[in-house]
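Visitor: Can you keep this structure in mind? I'll have questions shortly.
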Amino acid sequence: SSSFSSSKRCKFDVFLSFRGKDTRKTFTDHLYIGLKQKGIYVFKDDEKLKQGTFIAPELLKAIEEARFAVVILSSDYASSRWCLIELTKIVECMEMTGLVVLPVFHYVNPSDVRDHKGTFGEAISKHEESFKDNIGYVQTWKAALTKVADLAGWDLKDKHESIIVQKIIERIFSELYHKLPYVSEDLVGMDSCVEEMLDSYIGEGLGDVRFVGICGMGGIGKTTLALEIYRRISSNFEARSFIANIREETRNQGLVSLQKQLLSKLLMESEINIWDVYMGINVIRNTLCNKNVFIILDDVDRDEQLEALAGKHDWFGPGSRIIVTSRDSHLLIRYGVDYIYTTKELNNDDALQLFSWRAFHKPHPEANYVNLSKDFVNNAKGLPLALKVLGSSLFAKRLNEWKSALYKLKEEPNRNILDILQISFDGLTYLQKGLFLDIACFFKGENKDCIRDILESFCYSLDYDIGVLMDKSLITIDDHGTLWMHDLLQDMGQDIVRCESPKEPGRRSRLWIYDDVIHVLKNNSV
């Protein structure tokens, strides 16, 4: 079998089948450690599971829950009935669920395994004598040996064990992370972005240490882009680590916890002893300075996070790549990131496809829903987060429910989307928040210089504060000096003001809708 069922749920990447006294402390141990260092989850049995009359059910279950089985056929392998029971289960799973079986002929002739000669023939003869009354067991074991011996594998005779170990690891890692079918609706419109990043920003294979930033507004797809790059190239580095949700984890767990997480993934150690941030900095710098590593730090929003996790280029070995995703471009600039990639909204075709994956679980809308789908897509304005949230909320809903949801969306923006967008707003100072709300309510589409006097009369440090809003991907300014922001960011700003007094417009800090102004003037409700 060359691939396993895509529907199979796997708890382990690899199950190791071996004769303990032959290889436990030599070849099997070297293979086990090598797989672990690559981040591959391996089941290697404890001898306690092979004691007594019956094979422990944990072993058989582990085989069922594995993607690969590496069978190390050593000279004494067939003398153990536990190994043969294990092997029979492995062959059964290979034929029934697509378990990928990789045999290693540990200084034995593959034909001896296939034809039950040599030590394998001697062992089978002894089993036939012991199981005279249950000879069917032995026939099953013989069939399993023959089937596994016919599979492509590795023969250790006259080979360097270290090279074979490396080839096995490369084969498994490649199958796990590169050759598996990986179709995700989240990647709609991402291929060109990934290729641009790899070609023009990452520079894989060059000897320099490089920090690359991915910047953009909330929900634009920074993490999705980083994850896909990680999936494609992380195996090419000596060690790798993806640290997600750093902004949130810093608040919940602290920087020391993040340092431990980083080192644990890079060094493949479960216990990392760090007592404070400064100790963590020293450990990271001294441990990784000669390692070729690939690190992604996701959703960074404070300088101290970078200082604690990836302080300087000389912390890492030649060829290392550190990718940082953030909503704050100025944070990336002042920290000395070498290259910054700014994510962009999806075009209309890709947006409709992403929305359709969530709303219909296929890449295009149902015939009766095409126009409504386009209305929802238009509302999202190319923001992947909004497309996914809106599409998911409409899955399996009837046509009249879609129409009702669209009407509601025009009156009241989706809260799940606004909450994520508002994270950037919450990080502003009081005056910067005021400037953002003024632009959202009154000045989107206006030339900055034409409204300078108005805005400065509110005590804004206009050029600096506008710079901060741009750094945090909340607004943009075009070549003509016109202020712009994404429609959903404008919706968020106006919703913040509306929530100051949901029922009485006169108690809000800003009025921009004609009917609300007339209501306040008529009723003197300020």
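Visitor: For region 354-392, what are the residues that are within 15 Å of LYS403 (Cβ to Cβ), of a type in the set (S, T, N, Q) and surrounded by 15 or more Cβ atoms within 10 Å (Cβ to Cβ)?
Guide: SER373, ASN379
The rows are residues; the columns are (1) touching a residue at least 60 places away in the same chain (Cβ under 8 Å); (2) not hydroxyl-bearing (Ser, Thr, Tyr).
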| site | (1), (2) |
| --- | --- |
| VAL256 | no, yes |
| LEU262 | no, yes |
| LYS265 | yes, yes |
| SER270 | no, no |
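Visitor: Step by step: first the residues of region 302-340, then only those that are aromatic (Phe, Trp, Tyr) and surrounded by fewer than 23 Cβ atoms within 10 Å (Cβ to Cβ), then the one that is nearest to LEU198 (Cα to Cα). Which residue is that?
Guide: Looking at residues that are aromatic (Phe, Trp, Tyr) and surrounded by fewer than 23 Cβ atoms within 10 Å (Cβ to Cβ), I get TYR339.
Visitor: Need pairs with beta-carbon distance below 6 Å; first residue farther than 17 Å from LYS147 by Cβ and within region 112-131, second part of a helix (DSSP H, G or I) and among the aromatic types (Phe, Trp, Tyr); sequence gap 6+ or separate chains.
Guide: PHE131/TYR137
Visitor: Related question: It is to be established whether one or more residues within region 446-461 are part of a helix (DSSP H, G or I) and aliphatic (A, V, I, L, M).
Guide: Yes - at least one qualifying residue is present in region 446-461.
Visitor: Still on this model: Condition check: in contact with a Pro (Cβ under 8 Å, 6 or more places away or on another chain), assigned to a helix (DSSP H, G or I) and open to solvent by 30 Å² or more (accessible area, probe 1.4 Å). Does ASP495 satisfy that?
Guide: no
Visitor: Now for a separate question. Out of all the residues in region 329-342, which are at pLDDT 95 or above and in a loop (DSSP other than H, G, I, E, B)?
Guide: VAL337, ASP338
Visitor: Still on this structure, I have one more. With under 30 Å from SER461 (Cβ atoms), part of a helix (DSSP H, G or I), at pLDDT 95 or above and of a type outside the set (Asp, Glu) as the only criterion, which of LEU352, LEU437, LEU372, LEU418 stands out?
Guide: LEU437
Visitor: Filter region 236-280 down to the residues that are part of a helix (DSSP H, G or I) and β-branched (Val, Ile, Thr) and list them by number.
Guide: The answer is ILE246, THR250, VAL256, VAL277.
Visitor: Could you list, in sequence order, all residues of region 393-402 that are touching a helix residue (DSSP H, G or I) at 6+ places or on another chain (Cβ under 8 Å) and either exposed (fewer than 13 other Cβ atoms within 10 Å of the Cβ) or assigned to a loop (DSSP other than H, G, I, E, B) (or both)?
Guide: PHE395, LYS397, LEU399, GLU401
Visitor: So which residues in region 409-445 are under 20 Å from LEU511 (Cα atoms), acidic (Asp, Glu) and open to solvent by 80 Å² or more (accessible area, probe 1.4 Å)?
Guide: GLU411, GLU412
Visitor: Within region 143-154, identify whether any single residue is open to solvent by 70 Å² or more (accessible area, probe 1.4 Å), of a type in the set (Asp, Glu) and touching a residue at least 12 places away in the same chain (Cβ under 8 Å), and answer yes or no.
Guide: yes
Visitor: Ok, one more. Would you pick out the residues in region 503-526 that are part of a loop (DSSP other than H, G, I, E, B), open to solvent by 100 Å² or more (accessible area, probe 1.4 Å) and of a type in the set (Lys, Arg)?
Guide: Hit for region 503-526 is LYS503, nothing else.
Visitor: Can you name every residue in region 257-276 that is open to solvent by less than 70 Å² (accessible area, probe 1.4 Å) and on the phi < 0 side of the Ramachandran plot?
Guide: Residues satisfying the conditions are SER257, LEU258, GLN259, GLN261, LEU262, LEU263, SER264, LEU266, LEU267, ILE272, ILE274, ASP276.
Visitor: Another one. All but one of (1) farther than 29 Å from PHE395 by Cα; (2) in contact with a helix residue (DSSP H, G or I) (Cβ under 8 Å, 6 or more places away or on another chain); (3) part of a helix (DSSP H, G or I) hold for ASN379; which doesn't?
Guide: (1)
Visitor: Being of a type in the set (Lys, Arg) and at pLDDT below 85 is the filter here, so list the residues in region 45-67 that pass it.
Guide: Across region 45-67, the qualifying residues are LYS48, LYS50.
Visitor: Also, quick follow-up: Cβ-Cβ distance below 7 Å, separation of 6 or more or different chains: which pairs start in region 224-243 with a residue that is touching a residue at least 12 places away in the same chain (Cβ under 8 Å) and end on one that is of a type in the set (Lys, Arg)?
Guide: Here the result reads SER234/ARG240; GLU238/LYS291; ALA239/LYS291; SER241/LYS265, each pair linking region 224-243 to a residue that is of a type in the set (Lys, Arg).
Visitor: Related question: For a quick check of your reading of the model, give me the residue pairs whose first member lies in region 200-213 and is open to solvent by 60 Å² or more (accessible area, probe 1.4 Å), whose second is among the β-branched types (Val, Ile, Thr) and outside any loop (DSSP other than H, G, I, E, B), with beta-carbon atoms closer than 7 Å and at least 6 apart or on different chains.
Guide: From region 200-213, the pairs are GLU204/ILE233.
Visitor: For region 237-256, how many residues meet the condition of being open to solvent by 40 Å² or more (accessible area, probe 1.4 Å) and not acidic (Asp, Glu)?
Guide: 4
Visitor: Can you name the residue in region 155-176 that is free of Cβ contacts under 8 Å to residues at least 24 places away in the same chain and of a type in the set (Asp, Glu) and is also surrounded by the fewest Cβ atoms within 10 Å (Cβ to Cβ) among such residues?
Guide: Among them, the one singled out is ASP158.
The values are calculated or read from the model by the stated rules, or taken from the named source; none is laboratory data. All values derive from a computational prediction rather than experimental measurement. Neighbour counts run over all protein chains shown; Cβ positions are idealised from the backbone, glycine included. With ligands, DNA and RNA removed, areas are computed over all heavy atoms of the protein, side chains included. Shrake-Rupley method; radii C 1.70, N 1.55, O 1.52, S 1.80 Å.
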